[in-house]
Amino acid sequence: MSISENLINIQSKIQNAEKKSGRPQGSVKLMAVSKFHPTEEILQTYESGQLLYGENRVQEACEKFTPLLASHSDICLHLIGQLQSNKVKKTVTVASCIQSVDRIELLYEIEKQCSKLQKQIQVLFEVHTGEESKSGFTQESELRRCLELCVNGEFPHIIANGFMTMAPFTQDESLIRKSFSTLRNLSEKFKKDYKELPLKELSMGMSGDFEIAIEEGSTLVRVGTAIFGARDYSK
Ligand SMILES: *Cc1c(COP(=O)(O)O)cnc(C)c1O
């Protein structure tokens, strides 16, 4: 199967999952996770109409997407991997959203760097919902403190757009579902408590579990392998 065939295949699976769960057509966005894949493969998906991409390493994201964004102004890149504070400066030059905000200090650094560039950026708060994943907020109170700071106008260059999670890597569908519903419930609670914030995005679901994620309320699925094939980590 070619990359463009894979893309069409995923899009129709997303549509079916939307239907199955009674969600409006087009309510779920597809992100192509292009980490470890070269620019020419990214361009193949772009030719098929794909505009939203995800990368998880800052260096690689900049190398591939600084030129891509310069020549294709409709492309959008989100950072989805764990982020060190000293890499925020580079990240905000290429990303329109950082999906992996997992601690308060990161917000201060993002605000600092974005205010220098006079650029607004979206963030998602990554929440730890499954036993095996290592990243994401584990304390609801700490996440609540972030949202308080956002509501109080501490970060004028940051748009608190929602939440992200990774389900545990397991064959047990009930555990995967539980991880996604945990995030949805948390998101619903925070939306009530912080009506002033957008908090509209629920980024959950990857190649192996995006249909379950859609049934559980995902608004954005992050799909790599099922579009581009297996990653070659030796490169
Ligand atoms: C790599 C990655 C994905 C995509 O994973 P696939 O299984 O290849 O679809 C999604 N989300 C995050 C955070 C990732 O790091």
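Things worth noting here:
- Qualifying residue in region 59-75 (condition: under 23 Å from E211 (Cα atoms) and in contact (Cβ under 8 Å) with a residue 24 or more places away in the chain): no
- Region 162-172, residues that are of a type in the set (S, T, N, Q) and either within 13 Å of the ligand (Cβ to nearest atom) or not in a loop (DSSP other than H, G, I, E, B) (or both): T165
- Of all residues in region 215-235, those satisfying the criterion of being farther than 18 Å from I80 by Cβ and either among the acidic types (D, E) or within 14 Å of the chain's Cα centre (by Cα) (or both) are E215, E216, D232.
- Selected residue [over 15 Å from the mean Cα position of the chain (by Cα), among the hydroxyl-bearing types (S, T, Y) and modelled with pLDDT under 95] from S181, S141, S133: S133
- The residue of region 212-226 that is farthest from S48 (Cα to Cα), among those that are near the ligand (Cβ under 8 Å from one of its atoms) and either at pLDDT below 95 or part of a helix (DSSP H, G or I) (or both), is T225.
- Residues of region 173-211 satisfying the condition of being more than 12 Å from the ligand (Cβ to nearest atom), of a type in the set (A, V, I, L, M, F, W, C), buried (at least 19 other Cβ atoms within 10 Å of the Cβ) and not in a loop (DSSP other than H, G, I, E, B): I176, F180, L183, L186, F190, L202
- Restricting attention to region 83-105, the residues that are away from the ligand (no atom under 16 Å from the Cβ) and aliphatic (A, V, I, L, M) add up to 4.
- Filtered residue count, region 27-48, keeping only those that are closer than 16 Å to E211 by Cβ and either away from the ligand (no atom under 15 Å from the Cβ) or of a type outside the set (V, I, T) (or both): 4
- Matching residues, region 53-80, being of a type outside the set (V, I, T), buried (at least 18 other Cβ atoms within 10 Å of the Cβ), in contact with a Lys or Arg (Cβ under 7 Å, 6 or more places away or on another chain) and under 20 Å from T225 (Cβ atoms): G54, E55, N56
The values are calculated or read from the model by the stated rules, or taken from the named source; none is laboratory data. Treat the numbers as computed from the prediction; the structure is a model and nothing was measured. Cβ atoms come from the backbone with ideal geometry, glycine included; neighbour counts cover every protein chain shown.
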